[in-house]
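The values are calculated or read from the model by the stated rules, or taken from the named source; none is laboratory data. These figures come from a predicted structure and were not determined experimentally. Here Cβ is always computed from backbone atoms with ideal geometry, including for glycine, and neighbour counts include all displayed protein chains. Just so you know, the surface numbers come from the protein's heavy atoms only, side chains and all, with ligands and any DNA or RNA stripped out. Shrake-Rupley method; radii C 1.70, N 1.55, O 1.52, S 1.80 Å.
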Amino acid sequence: MMKENPVAKIPEDVIAAVKTAENIVLLTHAHPDGDALGSLFGFGNILKGIGKNVLCFLEEPVSHLYDFLPGVETVECDLGNYRRFLKDAGKNNLHIALDCGDRERLGIFCEEFLQSSPFIVIDHHQSHASFGSNRWVESDRSSTGEMVYELASALGAKLNYESAYCLYVAICTDTGSFRYSCTTPRTMQVAAELLEYGVKTEEVGHHLYDNYSRERLRLMEMVLSTLNLYHNDRLAMMHVSADMLEQSGASLQDVEGFIDLPRSLRSVDVAVLIKEKSGGSIAVSLRAKGTCDVADVAKMFHGGGHRNAAGFRREGKSIAEVQSELLSVLDQTLEVGKEQ
């Protein structure tokens, strides 16, 4: 069987823009996960290796959950330094947004970022809302990290241990350690090729899964105590409040991965984690493993994501109000899925 060349799908204008640019700003979404950060630092390393002047910008410091990533010390969080980078670059600059499904997810400085052109977007979200001047979006890819690997090949760039390590983390986290349906034969092939650079799976696993603090474990206990099951145990909901964060001494960053706990229940098709953030805003994470498409659910609340992993935000609502809204929507969605 003839295999399709994955590099051939990359738009020529994206490859050309990266090749010709001398100064490149790399961005990703606010509150970045492993794919976002692994892609950011991995691609930054790759671009520096082919002679580019690179600035990796985040609106806040990297979470302690990912401070083991090579290149984390290069991240810039000062908007003044970002502006100086652009001033020194003049017109010869390029912005690239990685793993960002819509413009708002670029964070509080999104409008300023989007004033620059060209602005390339590289993303794999099913619910991607087009923005930027040039786009490469493939929703059937496991991760943005996998896409960055293909782009490196198209650019003729050589990876090193540090870039391979970052991209392996990106792929590993977005595939649930290769358990999710987004994992394809090409995903496994790319992961295998990254391991050839000396990346050790047990070391990555240790950093990703054996990194709990006492505060995080205390918070997990509190969050699990809120777990409720609905719809014949097919729907699981739990939440984390600002009070829980204060009492446990943990941060909202420590909640990452908690949603996998209710999702692991045998009977559960959809898991929901509602997070109360500072200022009263609510963030909701949705995970599915049945017929329910949680990306469609998230769209109803102006969010997005993938079929099995999505999310959205709500302003001016309490945890109880968001729970009530979701119960109404998911009750109908699960009923429809049951009939199919």
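Structural remarks
- Here the chain is treated with +1 on each Lys and Arg Cβ and -1 on each Asp and Glu Cβ, and its dipole about the Cα centre works out to around 420 debye.
- Cα gyration tensor, the range 1-158 - rounded (a/c under 1.5), prolate or oblate: rounded
- Averaged per residue, the chain has 46 square angstrom of accessible surface, using a 1.4 angstrom probe with ligands and nucleic acids left out.
- Judged by the ratio a/c of the largest to the smallest principal axis of the C-alpha gyration tensor, the chain counts as prolate, that ratio being 1.5 or greater while a/b is larger than b/c.
- Listed peptides 119-127, 32-40, 63-71 appear in the order 32-40, 119-127, 63-71 once ranked by packing, highest mean of other Cβ atoms within 10 Å at the front.
- Gyration tensor (alpha-carbon) shape descriptor, the range 181-329, a/c threshold 1.5: oblate
- The chain: calculated mean residue ellipticity at 222 nm from DSSP helix runs of at least 4, using -39500 (n - 2.57): -11500 deg cm²/dmol
- Axial C-alpha extent at least 27 Å, average Kyte-Doolittle at least -1.0 - helices from the chain (DSSP): 319-339
- Under 5 Å, built H, 5+ apart or other chain: amide partners of residue 119: 133, 134
- For the chain, DSSP calls about 40 percent of its internal beta bridges antiparallel.
- In terms of distances greater than 22 angstrom between alpha carbons, the cross-link table entries 158/200; 275/299; 19/91; 9/299 yield 9/299.
- Per-residue extension of 0.36 nm, minus the Cα-Cα distance of residue 243 and residue 78, leaves a gain of 56.4 nm for this segment.
- FRET efficiency for residue 212 and residue 184, using Cβ-Cβ distance with R0 set to 30 Å, rounded to 0.05: 0.45
- The apolar share of the surface of the chain, taken as the fraction of accessible area on carbon and sulfur atoms (1.4 Å probe, ligands and nucleic acids excluded), comes to 48 percent.
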